[in-house]
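Heads up: the structure comes next, in structure tokens.
The values are calculated or read from the model by the stated rules, or taken from the named source; none is laboratory data. Nothing here was measured: the structure is a model prediction, and the numbers come from that model. Glycine gets a Cβ as well: all are built from the backbone with ideal geometry, and neighbour counts include every protein chain shown. We work out accessible area using only protein heavy atoms, side chains counted, and drop any ligands, DNA or RNA first. Shrake-Rupley method; radii C 1.70, N 1.55, O 1.52, S 1.80 Å.
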Amino acid sequence: MPDLKRRAWLMASASAMLPLAAAGATAATPGVAAAFTSASAPLLAALTPPAVAPAALATDDAYWQRVAAQYDVTDDVAMLDNGYWGSMARPVVAAYQRHVEEVNRGNALYGRLEFPAEYEAARGAVANALGVHQDEVVLTLGATEALQALIGGYNRLERGDTVLCADIDYDNMLTTMHWLRQRRGVNVVRIALPEPATYDAVIDCYAQAIAMYPKLRMMLLTHVNHRNGMVLPVAEIGSMARTRGIDVICDTAHGFGQLDMRIPDLQVDFAGINLHKWIGAPVGIGAIYIRRGRVRAIDPYMGESDGDDIRTRIHTGTINFAAYLSLPLALQLHEQIGVANKQARLHHLRNRWVDAARDIGGVQLLAAADPRLTSAIASFRVHGQTSVADNAALSRRLLREHGVFAVWRDGLASGACVRVTPSIFTSNAQVDRLVTGLEAVART
């Protein structure tokens, strides 16, 4: 039998239907709120952390086993490449599958009448998690799309100006920065950060670049880089830049959700964010942040109308409705565990293998010792083996002989390496398997 109340609501909505760009909902619609409350309540209660400090919780294996039990991740290998994307917890998978069916059943009727308000609800949930205003955020397909729109659209450059990037920056972002030479007629400077890194040395590296290039107008700063996991002191470097009138575009694809921070802590006007890495939302969701008053520094997207609406700075087209609908539940689960608790656990797992590897001869660690510079990610190579071929072979050997999956990365000035990225469902035993593999590598 048709749902008469639902039909009446749809008929009423039709008369007031607005395009997505004009929708202005700021709170979750009743349907969205009810969906994730009913689905998540038992899980959220079970995963409520004990009332202890994050450092103490980090070693509470019983609690993290309860967390891990909510993830269906292959146990064929020790999965230590969780920087690619973050697996969804079972309730998020279930919600995603349910939303796929609902959207498919509702078709255009749903997409045109109901989804705009629910999209705005998801957008509002993201803004709340980021610690910013909803009109400062627009959702994208990921951090790459977000940052390409910010870098390529940044219009405060004149021919002959300079822009700055670094060897730690993500490959696609480096490509986009170099494209500015064609698009804006600017000079592109790429610096190499020191290894091993110290807090003062990293800041000094950027200070020297700022002093060296008087026409520097924009910098790309990668909050947590995907090569060796170093956490960049973005706020400190950005403060130096502001005194010279230099804008910062921040890549926090690996920062937000992994580190105990929110966007205002970075003190930047522009940021690209991933929500399918450390939040555990479905693959294909990111966000652009532009501080209020700065939208016009970014060109409207390919002929979109100019103005102060951040939504005109990207045009993704028809999106994966179900992925966006699952986002509030993923954020709720993330917040229930607690980002400070997640960071402490990830650092515990990272330090477990890094500390052991420091004593393994022949293994070169690319892992900062200063806690202010550390994240879940760290890397290594065999001393003297810096080529892609060397490190690809090392990655294959760890998988073949020890059942450990870690991925090689390239792009650092010092050469290629193998990256290790645990997740909150990673066990101590899986990390120890990596150490055993490194010991075997060192012996041969």
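Mind listing just one residue for me: the one in the stretch 387-424 that is surrounded by fewer than 19 Cβ atoms within 10 Å (Cβ to Cβ) and basic (Lys, Arg) and, of those, farthest from Gly229 (Cα to Cα)? Checking each candidate, the answer is Arg400. Given the structure, is Val268 hydrophobic (A, V, I, L, M, F, W, C), more than 20 Å from Thr176 (Cβ to Cβ) and either surrounded by fewer than 24 Cβ atoms within 10 Å (Cβ to Cβ) or more than 11 Å from the chain's Cα centre (by Cα) (or both)? No.
Looking across Asp299, Asp260, Asp251, one residue alone is within 17 Å of Ile168 (Cβ to Cβ) and in contact (Cβ under 8 Å) with a residue 24 or more places away in the chain. It is Asp251. Is there a residue in the stretch 278-286 that is open to solvent by 30 Å² or more (accessible area, probe 1.4 Å) and within 13 Å of the chain's Cα centre (by Cα)? Within the stretch 278-286, one or more residues are open to solvent by 30 Å² or more (accessible area, probe 1.4 Å) and within 13 Å of the chain's Cα centre (by Cα).
Here is the figure for the stretch 167-189: residues that are more than 23 Å from the chain's Cα centre (by Cα), assigned to a loop (DSSP other than H, G, I, E, B) and surrounded by 13 or more Cβ atoms within 10 Å (Cβ to Cβ) total 1. Note on the stretch 63-97: among residues that are of a type in the set (S, T, N, Q) and over 20 Å from Ala45 (Cβ atoms), the one that is nearest to the chain's Cα centre (by Cα) is Asn82.
Once the stretch 233-252 is narrowed to residues that are open to solvent by less than 10 Å² (accessible area, probe 1.4 Å) and among the small types (Gly, Ala, Ser), the residue that is farthest from Thr222 (Cα to Cα) is Ala241. Every condition in (1) more than 14 Å from Val441 (Cβ to Cβ); (2) at pLDDT 95 or above; (3) hydrophobic (A, V, I, L, M, F, W, C) holds for Leu394 except the one numbered (1). Residues that are more than 24 Å from Gly131 (Cα to Cα) and out of contact with any helix residue (DSSP H, G or I) (no Cβ under 8 Å at 6 or more places or on another chain) within the stretch 286-314 comprise Met302, Gly303, listed in sequence order. When residues in the stretch 140-162 are screened for being among the hydrophobic types (A, V, I, L, M, F, W, C), touching a helix residue (DSSP H, G or I) at 6+ places or on another chain (Cβ under 6 Å) and not in a helix (DSSP H, G or I), 1 of them pass.
Here is the figure for the stretch 305-336: residues that are among the acidic types (Asp, Glu) and either within 25 Å of Asp260 (Cα to Cα) or open to solvent by less than 60 Å² (accessible area, probe 1.4 Å) (or both) total 2. Every test in (1) in contact with a strand residue (DSSP E or B) (Cβ under 7 Å, 6 or more places away or on another chain); (2) not in a loop (DSSP other than H, G, I, E, B) is passed by His254 save one, and that test is (2).
A Cβ distance below 6 Å, combined with a sequence gap of six or more or placement on separate chains, defines the contacts here; from the stretch 81-95, residues that are among the small types (Gly, Ala, Ser) reach residues that are part of a helix (DSSP H, G or I) in the pairs Ala89/Leu333; Ala95/Ala39; Ala95/Ser326; Ala95/Leu329.
Rundown of residues vs (1) out of contact with any His (no Cβ under 7 Å at 6 or more places or on another chain); (2) closer than 25 Å to Gly286 by Cα; (3) among the aliphatic types (A, V, I, L, M), yes/no style:
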{"site": "Asn341", "(1), (2), (3)": "yes, yes, no"}
{"site": "Ile360", "(1), (2), (3)": "yes, no, yes"}
{"site": "Ala369", "(1), (2), (3)": "yes, no, yes"}
{"site": "Asn391", "(1), (2), (3)": "yes, no, no"}
{"site": "Asp410", "(1), (2), (3)": "yes, yes, no"}
{"site": "Ala413", "(1), (2), (3)": "yes, no, yes"}
{"site": "Cys417", "(1), (2), (3)": "yes, no, no"}
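Being open to solvent by less than 30 Å² (accessible area, probe 1.4 Å) and of a type in the set (Val, Ile, Thr) is a property that does not hold for Val339. Restricted to the stretch 131-144, and to residues there that are within 15 Å of Tyr324 (Cβ to Cβ) and among the hydrophobic types (A, V, I, L, M, F, W, C), the residue that is most open to solvent (accessible area, probe 1.4 Å) is Leu141. Listed by position, the helices (runs of 4 or more DSSP H) inside the stretch 53-130 whose residues that are at pLDDT 95 or above, farther than 30 Å from Arg352 by Cα and open to solvent by 60 Å² or more (accessible area, probe 1.4 Å) number at least 3 are 90-113. Here the stretch 190-218 is the region considered, the condition is being among the β-branched types (Val, Ile, Thr) and open to solvent by less than 20 Å² (accessible area, probe 1.4 Å), and the residue that is farthest from Ser414 (Cα to Cα) is Ile210.
Here Arg350 clears all of (1) under 25 Å from the mean Cα position of the chain (by Cα); (2) closer than 15 Å to Thr444 by Cα except the condition numbered (2).
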